[in-house]
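Q: Mind having a look at this structure? Questions to follow.
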Amino acid sequence: MRTLCPCPLCARLQHLAELDRLIYGLIQVRRQAPQETNDLISVFLSAVDEATGEPISDQQVRHEIVTLFMAGYETTAHASTWLWIHLAQHPHVEAQFHAELDTVLGGRPPTWDDLPRLPYMQALIKETLRLYPSTWILFREALEDL
């Protein structure tokens, strides 16, 4: 994508326009050829406005998708970053973390059913989120130089 203006605001607006183009394109494709799928987009597309009884608008579907993307992607990335930083700084904690994973998972990918059997991992994640909450930094930008 070519930025016409080098200022940060224009660059963000162009990225937002590209994101909207992709999301609205996906919505259009799914509305034109509805599929039997078990995903969140299908849930949004089948949602009904309680006040009117009409399907929710494409704009509302877009807002829901962007909200979930930001909440699911950015917050997870922030938490993961801090978790890995701290594990790298504390090798004994990292060793215990990997020992628990090896014992419980035996080299296979985890499933939801494994979570109760991973208390050390859960404690690490909760402590990371306590120390560095993921959402406090989102969407903050100084409006002027300080």
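The values are calculated or read from the model by the stated rules, or taken from the named source; none is laboratory data. The structure displayed is predicted, hence computed values, not measured ones. Quick reminder, even Gly has a Cβ in these numbers, built from the backbone with ideal geometry, and neighbours come from all protein chains shown. Side chains are part of the model used for accessible areas, which takes the heavy atoms of the whole protein and leaves out ligands, DNA and RNA. Shrake-Rupley method; radii C 1.70, N 1.55, O 1.52, S 1.80 Å.
Q: State whether the residues of the stretch 106-115 include one that is of a type in the set (Val, Ile, Thr) and in contact with an Asp or Glu (Cβ under 9 Å, 6 or more places away or on another chain).
A: no
Q: Quick test for you: out of THR52, THR76, THR37, pick the one residue that is open to solvent by 50 Å² or more (accessible area, probe 1.4 Å) and either in contact (Cβ under 8 Å) with a residue 40 or more places away in the chain or closer than 30 Å to ALA123 by Cβ (or both). I'd like the intermediate steps shown before the answer.
A: Values: THR52 fails: either in contact (Cβ under 8 Å) with a residue 40 or more places away in the chain or closer than 30 Å to ALA123 by Cβ (or both); THR37 fails: either in contact (Cβ under 8 Å) with a residue 40 or more places away in the chain or closer than 30 Å to ALA123 by Cβ (or both).
Only one candidate qualifies: THR76.
Q: Of ARG12, ARG31, ARG21, which residue is assigned to a helix (DSSP H, G or I), modelled with pLDDT of 90 or more and either loosely packed, with under 13 Cβ neighbours inside 10 Å or within 18 Å of the chain's Cα centre (by Cα) (or both)? Lay out the reasoning, then the answer.
A: Details: ARG12 fails: modelled with pLDDT of 90 or more; ARG31 fails: modelled with pLDDT of 90 or more.
Only one candidate qualifies: ARG21.
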